[in-house]
Amino acid sequence: MGTRGVIGMPRVTNADIADVLDRLADLLELDNADQFRLRSYRRAAETVRGYPEELANLHAQRKLTTVPGIGKSLAEKIAEYLDTGQIGYLEELRAKYPEGVVEMLNIPGFGPRSAARVFQELHISSIAELEQAARAGRLRTLPGFGAKTEERLLHNIELYLQASERGLLADVLPVAKGLLAKLRALPEVAQAEIAGSVRRRRETVGDLDLLVTSEQPARVCEAFRGFEELVEVIAAGDTKVSARLESGRQVDLRVVPQESFGAALQYFTGSQQHNISVRYRANQKGLTINEYGVFVEEGDAKGDLVAGRDEEEVYAAIDLPWIPPELRENRGEIEAAEAGTLPALIEPGDIKGDLQVHTRYSDGHQSVREMAEAARALGYRFIGITDHSPSLYVAGGMTSDEVRWQHDEIVEANAEYEGQGVKFTVLHGLEADILPDGTIDIPEEVYQLFDYIVGSVHQGFTPDADRMTTRVVGAIESGLIDFVGHPTGRVLLKRDAYGLHLDAVLEAAASHDVALEINAFPNRLDLCDVDARRARDRGVRLTINTDSHDVAHLGFMQYGVYTARRGWIEAADVVNTWNLEDLRSWFRKRR
DNA sequence: GCCGTTTTCGGCCCGACTGTTTTCAGTCG
């Protein structure tokens, strides 16, 4: 932030712009701005983060205000940022509130009103100073702050400093399912579901939301508080419990009556922006929606309940079909639902095989045969073995001799399957390095043995987006590779994507009919949802693969499918949902 | 801040829990 947008500097991405808008919103909160004005900034940030077109391009065409939620004022600020790398208004606010005060907003239970007050009235401008003041009992001099507030604050500062970060979906989902099973086993519980971002299958999640229906909500809350997984109860009433897991992750349980289940599930699934749009739409129709149901609006009196038992009913009340949770990000799903153009999303069962799998020939843990058998057990029709090419020494890249031995093994396995009448095929692929000079690491003398080639970047990362783009586009145009593995190189919670001009990559992929991978490994999920959607919109084919290095990894396929669903992807867009014959003839086109 | 087949002004989603302010503001989701 702050220095982008200057000629010759890395291109400003939508994510950069979204970050700036969020930072503006943080500062405006401290400044006690009107809540609706604030919402405009937050909403715009979320829209921009998921927007399929680069705002930098739109700005060049003077079309920023075509983005929903961006009017004259925000367009000017975004334009200023794109042109100069700065926003005067943002700098003004920054001068007013030190960075340390903005950071206080991250402390649980300590919001903008509190942060602004301790700064203005006690001149506290960092979390360290805040902690000192609380210890010294100086905060209670402020009206509304008591000893208990100080005590809680100190505890919450500890929590923030331990940074209970977002977690990978694959780490949190099993925990959520475990808690769900325990809730379902309670005699007072009628129905229980996971809600929140976990249900929307976001790639990383913060809190965990659980929803239960019961006639005896207080008893359910009581029982939940006793779960051994909870190390601390943050807040607890008769219908709601907030607690913390040992990992530091917060869990929120809500209990509602059965007739409200659908309304509550819809509400607690979010996203917040999706719900705002849903409720606004309800208001337009003379209805009001809360977590207990859809009601006819009748002034101040509680109107008649018209829906709420299940989600279908809730959406039907506002004349929409049910919308899959993965799409509920306010990225056009409501408009698509209204127009009857929601995608028929890909499902895990559509996948017929995994096309990126490693064995002991490079850095995998098992043999070709063991991986094949594990894939068969999953009900697949084929598996593609793709060990590393020679230049990736660190990962045991194969020599040409090893490629031949592996090939013999695969031929033998296939012969055996055929002899037994088993409809299962092992494909021989290669994960070839796209080298820093743009060439692709394929041993020429064995090239003809491969059914297909995956091109991936593993070394020579550079922050120079132009050079990275040239490399990847060059690989696509070489005619040698069938798809690009983990195209942006990001590692969730660890490493950002190397800068890549995705538009150029998509254009090349579309015109050369090269697919892009959605790598299903839980810390990659690369392409991400938004990029996958952009690819699909450009007519680029996709493939979802686990990049397994162990039989246990084959089960990661579900996470790739979730990401694809969040990217509005249908089965036909994904080459490994095709029949083996169709897939093979697509591979052969290139040979 | 944005937005407009009821509006270019006046709307903008809604409720639970906490601490302390005896009627509510702040925070969160």
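The values are calculated or read from the model by the stated rules, or taken from the named source; none is laboratory data. All of these numbers come straight from a predicted model, not from anything done at the bench. Backbone-built Cβ (ideal geometry, glycine too); neighbour counts: all protein chains shown.
Quick look at the numbers
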item	result
Checklist (1) hydrophobic (A, V, I, L, M, F, W, C); (2) within 15 Å of DNA strand B (Cβ to nearest atom); (3) out of contact with any strand residue (DSSP E or B) (no Cβ under 6 Å at 6 or more places or on another chain) applied to A:F227, failing item	(2)
Search result, residues across the stretch A:109-122 that are more than 22 Å from A:Q162 (Cβ to Cβ) and near DNA strand B (Cβ under 7 Å from one of its atoms)	A:P112, A:R113
Flag if A:R533 is assigned to a helix (DSSP H, G or I) and either basic (K, R) or in contact with a Pro (Cβ under 9 Å, 6 or more places away or on another chain) (or both)	yes
Conditions (1) on the phi > 0 side of the Ramachandran plot; (2) surrounded by 14 or more Cβ atoms within 10 Å (Cβ to Cβ); (3) more than 29 Å from the chain's Cα centre (by Cα); (4) not aromatic (F, W, Y): number failed by A:G137	(2)
Options A:Y315, A:Y280, A:Y292: the member that is surrounded by fewer than 18 Cβ atoms within 10 Å (Cβ to Cβ), in contact (Cβ under 8 Å) with a residue 12 or more places away in the chain and under 29 Å from A:T213 (Cα atoms)	A:Y292
Members of the stretch A:412-449 found to be of a type in the set (G, A, S) and more than 17 Å from A:G384 (Cβ to Cβ), listed by number	A:A415, A:G419, A:G421, A:G438
Cross-chain or 6+ apart pairs with Cβ under 6 Å, the stretch A:8-32 first and outside the structural domain of A:A504 (by TED's automatic domain parsing) and on the phi > 0 side of the Ramachandran plot, then more than 14 Å from DNA strand B (Cβ to nearest atom) and modelled with pLDDT of 90 or more	none
Enumerated helices (runs of 4 or more DSSP H) restricted to the stretch A:39-108, each holding at least 2 residues that are closer than 27 Å to A:Y160 by Cβ and more than 13 Å from DNA strand B (Cβ to nearest atom)	A:88-96, A:99-104
Filter result (free of Cβ contacts under 8 Å to residues at least 60 places away in the same chain and either crowded, with 18+ Cβ neighbours inside 10 Å or within 20 Å of the chain's Cα centre (by Cα) (or both)) within the stretch A:254-263	A:R254, A:V255, A:V256, A:S260, A:G262, A:A263
Which numbered condition A:I234 fails, given (1) within 13 Å of DNA strand B (Cβ to nearest atom); (2) under 25 Å from A:R309 (Cα atoms); (3) not in a helix (DSSP H, G or I)	(2)
In the stretch A:379-397, the residues that are more than 16 Å from A:L580 (Cα to Cα) and surrounded by fewer than 22 Cβ atoms within 10 Å (Cβ to Cβ)	A:P390, A:S391, A:L392, A:Y393, A:V394, A:A395, A:G396
Within the stretch A:203-224, considering residues that are assigned to a loop (DSSP other than H, G, I, E, B) and surrounded by 15 or more Cβ atoms within 10 Å (Cβ to Cβ), the one nearest to DNA strand B (Cβ to nearest atom)	A:D207
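Conditions tested, residue by residue: (1) surrounded by 15 or more Cβ atoms within 10 Å (Cβ to Cβ); (2) in contact with a helix residue (DSSP H, G or I) (Cβ under 8 Å, 6 or more places away or on another chain); (3) free of Cβ contacts under 8 Å to residues at least 60 places away in the same chain.
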{"residue": "A:D433", "(1), (2), (3)": "yes, no, yes"}
{"residue": "A:D441", "(1), (2), (3)": "yes, no, yes"}
{"residue": "A:Y447", "(1), (2), (3)": "yes, no, yes"}
{"residue": "A:Y452", "(1), (2), (3)": "yes, yes, no"}
{"residue": "A:A465", "(1), (2), (3)": "yes, no, no"}
